[in-house]
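Below: the structure, in structure tokens.
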Amino acid sequence: MADTAAGLAGTDADLAVLDTIQQRVLWLATRIVDAANHDRDTGDGVKVGGHQASSASLVTVMTALYFAHLDATDKVSVKPHASPVFHAIQYLLGNLDRGYLPTLRAFGGLQSYPSRTKDPDAVDFSTGSVGLGAAAPLFAAATRRYVDAHFGARPRSRFVALIGDAELDEGNIWEAVSDPATDGLGDVMWIVDVNRQSLDRVVPGIRIAQWKQQFTGAGWHVVEAKYGRRLQAAFARPGGESLRAWIDQMPNEHYQSLFGLPAQAVRQRFLDGAPDGVRDFCAGIADDAEFAGLVTDLAGHDFRSLLAAFGECDREKDRPSVVFAYTVKGWGLPIAGNPRNHSALLSTAQVDQMRERLGLTLATEWDRLDPMTPAGQWVAARREHLARAPRGSTPAVAVPDSTGLRPGRPISTQEALGRILVGLSRDDGVAPYLVTTAPDVATSTNLAGFINRKGVFSPAVRRSWSEDAVLKWSEGPEGQHIELGISEMNLFLLLGQLGLAWDLSDQPLLPVGTVYDPFVLRGLDAFVYSVYSGARFVVAGTPSGVSLAPEGGAHQSTITASVGLELPNVTFIEPAYAAALDWLICGALQAIAAAAAAPPGTAGKAAAEDGSYYFRLSTRGIDQGPFDRVRERLGDAILRRQVLAGAYRLTDATESAAGGAPTVYLAGSGAVLPEVLAAAAELDDEGIAAHVIDVTSADRLYRAWQRTLRQGVRTATTPSIPGALRTVFGDRAPIVTVHDAASHTMSWLGSALGVPAVSLGVDSFGQSGTVGDLYRAHDLDPGSIVNAALAALSLRYQ
Ligand SMILES: Cc1ncc(C[n+]2csc(CCOP(=O)(O)OP(=O)(O)O)c2C)c(N)n1
Ligand SMILES: [Mg+2]
């Protein structure tokens with residue numbers, strides 16, 4: 001046996017062993033999907049599904065990777081529809097219990113698509129939404145480069161992505177490839193599974209030439225693993241060049257139609273329209289079966305070609321590589337190459353035949369390879385080679401409760417964020433772990449102060465050509481801000497990988513990103529992807545809402561608060577005052593630090609529930625006086641606890657109200673609080689006691705409410721009102737919710753408290769104007785809030 005520890009597979013005997021392994025991988029992957037569909041009685045009549053053809057397509061590539069190329073420190077992103085191949089390999093390596101094999105797509109079983117958080121075996125990157133799994137390792141490699149530069153080099157990891165060819169249609173792939181932040185990452189290797197088929201069809205024409213140019217133009221190293229050894233040998237014979245030229249110019253549709261034809265028909269179809277030279281050459285291959293095998297002999301199913309291609313990529317130290325591996329979708333299965341095979345399943349009879357062909361029986365079909373055989377020994381050696389060292393736990397970064405920000409003048413939450421980050425950058429215990437990033441909006445979202453102090457990250461020092469007295473844009477390996485091009489997809493993908501650095505780069509970080517709030521939606525799928533993957537980070541959507549009045553409807557966000565509230569693994573926070581934001585940001589970073597430091601399994605349960613943090617901020621300067629007064633009234637300890645829990649009473653009308661006066665709650669969130677306070681004062685003048693509640697996190701309140709409700713539902717008991725709501729909404733009184741965001745975000749408060757409610761918010765697109773114009777247009781002005789309070793009070797008596 002060759003030196004499997006070094007991943008070499010040189011001799012014919014080695015290749016024969018790898019072939020035995022791949023046949024078993026193909027069988028297990030196929031049978032995992034088959035069992036999911038045929039062995040389980042789901043009882044609901046819904047097709048289980050799974051992708052035998054997409055899996056088969058990558059069997060040789062993944063066998064070559066795991067059994068002859070990868071090292072223990074390498075990280076792999078697996079094409080979503082090849083998850084059965086991944087699990088089959090992990091099973092053969094002894095990393096997955098046999099009991100899981102028949103559980104694909106079952107509740108608590110193997111996930112349909114590789115999942116970091118839900119699969120039982122060690123998935124490095126979740127995949128599923130095509131395109132994102134390709135880009136994630138690129139940003140993981142960028143994160144590693146950052147970690148190595150700041151904390152010392154980790155053992156080398158290669159970051160590999162297995163990508164479907166139609167996946168290259170996704171725009172986010174090209175955003176990632178072309179961003180300067182991903183330049184020069186020599187440890188990245190993408191392998192494109194060129195099976196020329198997507199879900200619906202054979203991919204039209206020949207795309208490869210264009211893709212090659214796009215990668216080369218972005219500075220990537222491009223390798224083609226196109227022709228298998230038999231075809232290469234044929235090309236080398238006299239006249240063989242004409243055969244290569246004929247195949248190269250053949251559109252995908254024509255080539256793909258060869259698959260599934262009986263051997264006798266392949267020749268005629270292949271030569272349809274061919275020049276005489278090709279016909280003459282092919283006439284020399286008399287046997288039909290040999291001919292059919294020859295013209296469909298692709299390098300994506302040839303170990304030697306693949307390993308040579310991987311080795312070539314290894315030698316590229318200063319640029320990412322992409323391998324175009326030509327494969328057959330459904331390779332080795334009766335559905336091979338069929339244009340409609342994406343979701344096709346083998347019949348039970350076909351599976352029976354396959355089992356028999358491999359010498360397996362119903363009793364032995366799930367067995368691992370016999371350890372006494374060369375293949376079994378090879379696998380055992382690879383198991384040892386790929387075993388990962390257990391992770392130690394690191395002490396949590398000690399983040400303070402606040403930076404002590406107490407502005408004596410009106411200030412916006414966006415400006416406050418900038419000052420809080422500057423404050424944290426002065427704290428030697430925290431500063432080294434902070435890393436900020438923005439898609440070309442760092443200065444306009446107030447990151448300039450942080451950047452001035454900490455610099456911009458670049459793998460090498462870059463000369464600055466402009467002297468700017470206000471903003472120092474000094475770039476070098478010590479910089480702690482990663483600047484991105486205008487791609488919100490890249491922002492969330494990078495934040496996701498920075499937020500997983502504790503796992504994939506063995507270094508906890510405290511990532512903070514900023515983005516104009518409306519464009520959170522532009523990166524939303526990557527946001528979902530990153531938090532589904534378990535990443536923890538802070539993102540500030542700023543500015544937000546129609547308080548960004550002069551900028552007009554295209555820059556005003558309305559539905560983002562709802563998005564933040566509803567996204568799992570994300571805590572949505574929208575404070576109005578600087579000191580509250582200070583506590584909240586520090587609290588978020590404390591939880592991120594705690595979760596990253598906790599050993600796996602215990603992972604700081606409360607912190608894990610919070611996940612990432614989405615702050616929705618504003619550029620509207622707000623008088624801080626009301627917050628200072630409530631601080632005096634409640635004291636910092638109590639107020640901080642309430643601010644973190646989601647709400648506090650900003651003004652308490654109990655004292656001013658005449659006995660028996662009607663009471664109403666005005667619950668506002670974010671930049672609109674001044675209007676709410678003004679409305680409360682007007683109501684007070686009219687003899688109505690209006691308490692103003694500042695909702696710092698509608699999400700945390702909602703979660704608290706849902707937790708008690710669900711508890712009641714599950715235990716068939718009467719749910720109580722959660723403490724966070726009871727503390728601030730003490731009495732039963734009607735409520736008006738006021739939000740510079742869709743009115744729906746807080747409209748549930750009425751139900752939660754069991755009182756009449758009127759919800760004010762922005763339910764149509766905005767437009768240009770002053771803040772006053774916009775607030776009047778959306779009924780967020782004090783007069784409208786007063787009227788809403790009267791309406792809420794009248795609802796009470798209906
Ligand atoms: C963002 C996204 N859009 C659509 C899909 C549905 N989908 C799943 S696979 C697929 C075709 C993939 O083709 P390709 O990448 O070539 O994979 P393969 O041929 O290897 O199956 C599509 C459209 C998806 N998973 N994600
Ligand atoms: Mg494909």
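The values are calculated or read from the model by the stated rules, or taken from the named source; none is laboratory data. Predicted model, so just to flag it, every value in this text is computed and none were measured. Using ideal geometry, Cβ is built from the backbone for each residue, glycine included, and neighbour counts are taken over all protein chains shown. Side chains are part of the model used for accessible areas, which takes the heavy atoms of the whole protein and leaves out ligands, DNA and RNA. Shrake-Rupley method; radii C 1.70, N 1.55, O 1.52, S 1.80 Å.
Here is how the numbers come out for the structure above:
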quantity: Any hit, segment 144-165, residues being within 16 Å of ligand 2 (Cβ to nearest atom) and assigned to a loop (DSSP other than H, G, I, E, B); calculated: yes
quantity: Filter result for Ser157 (at pLDDT below 95 and either closer than 24 Å to Ala64 by Cα or of a type in the set (A, V, I, L, M) (or both)); calculated: no
quantity: Some residue of segment 488-496 being surrounded by fewer than 20 Cβ atoms within 10 Å (Cβ to Cβ) and in contact with a Ser or Thr (Cβ under 9 Å, 6 or more places away or on another chain); calculated: no
quantity: Pairs with Cβ under 9 Å, 6+ apart, first in segment 430-459 and under 12 Å from His150 (Cα atoms) and touching a residue at least 40 places away in the same chain (Cβ under 8 Å), second open to solvent by 30 Å² or more (accessible area, probe 1.4 Å) and polar (S, T, N, Q); calculated: none
quantity: Evaluation of His254 against (1) out of contact with any helix residue (DSSP H, G or I) (no Cβ under 7 Å at 6 or more places or on another chain); (2) of a type outside the set (D, E, K, R); (3) at pLDDT 95 or above; (4) in a helix (DSSP H, G or I) (one fails), failing number; calculated: (3)
quantity: Residue ranges of helices (runs of 4 or more DSSP H) in segment 718-798 with at least 3 members in contact with a Pro (Cβ under 6 Å, 6 or more places away or on another chain) and surrounded by fewer than 22 Cβ atoms within 10 Å (Cβ to Cβ); calculated: 782-796
quantity: Residue match in segment 648-662 (condition: in a strand (DSSP E or B) and open to solvent by 40 Å² or more (accessible area, probe 1.4 Å)); calculated: yes
quantity: Search result, residues across segment 410-427 that are more than 10 Å from Ala578 (Cβ to Cβ) and open to solvent by 40 Å² or more (accessible area, probe 1.4 Å); calculated: Arg426, Asp427
quantity: Residue that is under 21 Å from Tyr66 (Cβ atoms), open to solvent by 60 Å² or more (accessible area, probe 1.4 Å) and in contact with a helix residue (DSSP H, G or I) (Cβ under 7 Å, 6 or more places away or on another chain), where the choices are Pro390, Pro374; calculated: Pro374
quantity: Unmet criterion (only one of (1) touching a residue at least 12 places away in the same chain (Cβ under 8 Å); (2) of a type outside the set (Phe, Trp, Tyr); (3) away from ligand 1 (no atom under 16 Å from the Cβ)) for Ala153; calculated: (1)
quantity: Residue within segment 370-378 that is at pLDDT 95 or above, in contact with a Pro (Cβ under 8 Å, 6 or more places away or on another chain) and not in a loop (DSSP other than H, G, I, E, B) present; calculated: yes
quantity: Qualifying positions in segment 103-140 - more than 16 Å from ligand 2 (Cβ to nearest atom), open to solvent by 10 Å² or more (accessible area, probe 1.4 Å) and hydrophobic (A, V, I, L, M, F, W, C); calculated: Ala106, Phe107, Ala122, Val123
quantity: Helices (runs of 4 or more DSSP H) contained entirely in segment 549-610, each with at least 3 residues that are at pLDDT below 95; calculated: 578-597, 605-610
quantity: Residues that are of a type in the set (A, V, I, L, M), more than 16 Å from ligand 2 (Cβ to nearest atom) and not in a helix (DSSP H, G or I), drawn from segment 168-210; calculated: Leu185, Val188, Met189
quantity: Residue within segment 211-224 that is without any contact (Cβ under 8 Å) to a residue 60 or more places away in the chain, part of a loop (DSSP other than H, G, I, E, B), within 15 Å of ligand 2 (Cβ to nearest atom) and closer than 27 Å to Ser54 by Cβ present; calculated: no
quantity: Helices (runs of 4 or more DSSP H) wholly inside segment 440-504 that include at least 2 residues being within 16 Å of Tyr516 (Cα to Cα); calculated: 488-498
quantity: Enumeration of residues in segment 225-261 that are within 26 Å of Pro320 (Cβ to Cβ) and surrounded by fewer than 17 Cβ atoms within 10 Å (Cβ to Cβ); calculated: Asp248
quantity: Hey, Thr73 under 17 Å from Leu26 (Cα atoms), among the polar types (S, T, N, Q) and touching a residue at least 40 places away in the same chain (Cβ under 8 Å) or not; calculated: no
quantity: Matching residues in segment 160-209 - criterion: being open to solvent by 30 Å² or more (accessible area, probe 1.4 Å), more than 11 Å from ligand 1 (Cβ to nearest atom) and at pLDDT below 95; calculated: Pro204, Ile206, Ala209
quantity: Selected residue (only one of Arg383, Arg340 is within 30 Å of the chain's Cα centre (by Cα), closer than 27 Å to Leu258 by Cα and open to solvent by 60 Å² or more (accessible area, probe 1.4 Å)); calculated: Arg340
quantity: Tally, over segment 444-462, of residues that are open to solvent by 30 Å² or more (accessible area, probe 1.4 Å) and closer than 14 Å to Gly541 by Cα; calculated: 2
quantity: Matching residues in segment 77-128 - criterion: being part of a helix (DSSP H, G or I), out of contact with any Asp or Glu (no Cβ under 7 Å at 6 or more places or on another chain) and away from ligand 1 (no atom under 16 Å from the Cβ); calculated: Ala88, Ile89, Tyr91, Leu92, Arg98, Gly99, Tyr100, Leu101, Thr103
quantity: Condition check for Gln264: open to solvent by 30 Å² or more (accessible area, probe 1.4 Å) and free of Cβ contacts under 8 Å to residues at least 24 places away in the same chain; calculated: no
quantity: Selection within segment 30-49 - surrounded by 24 or more Cβ atoms within 10 Å (Cβ to Cβ) and either within 16 Å of ligand 2 (Cβ to nearest atom) or hydroxyl-bearing (Ser, Thr, Tyr) (or both); calculated: Thr30
quantity: The one condition in (1) within 16 Å of ligand 1 (Cβ to nearest atom); (2) over 27 Å from Gly523 (Cα atoms) that Ala245 fails to fulfil; calculated: (1)
quantity: Looking only at segment 674-689, and only at residues there that are of a type in the set (Asp, Glu) and over 43 Å from the mean Cα position of the chain (by Cα), the one that is surrounded by the fewest Cβ atoms within 10 Å (Cβ to Cβ); calculated: Asp685
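Here's the yes/no breakdown for (1) in a helix (DSSP H, G or I); (2) over 22 Å from Val61 (Cα atoms); (3) touching a residue at least 60 places away in the same chain (Cβ under 8 Å); (4) within 27 Å of the chain's Cα centre (by Cα):
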{"position": "Ser305", "(1), (2), (3), (4)": "yes, no, yes, no"}
{"position": "Phe324", "(1), (2), (3), (4)": "no, no, yes, yes"}
{"position": "Gly330", "(1), (2), (3), (4)": "no, no, yes, no"}
{"position": "Glu356", "(1), (2), (3), (4)": "yes, yes, no, no"}
{"position": "Gly359", "(1), (2), (3), (4)": "no, yes, no, no"}
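So that you can scan it fast, the table gives a plain yes or no per residue for (1) under 34 Å from the mean Cα position of the chain (by Cα); (2) of a type in the set (Gly, Ala, Ser); (3) at pLDDT 95 or above:
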{"site": "Pro719", "(1), (2), (3)": "no, no, no"}
{"site": "Pro722", "(1), (2), (3)": "yes, no, no"}
{"site": "Thr727", "(1), (2), (3)": "no, no, no"}
{"site": "Pro734", "(1), (2), (3)": "no, no, yes"}
{"site": "His739", "(1), (2), (3)": "yes, no, yes"}
{"site": "Ala742", "(1), (2), (3)": "yes, yes, yes"}
{"site": "Met746", "(1), (2), (3)": "yes, no, yes"}
{"site": "Gly750", "(1), (2), (3)": "no, yes, yes"}
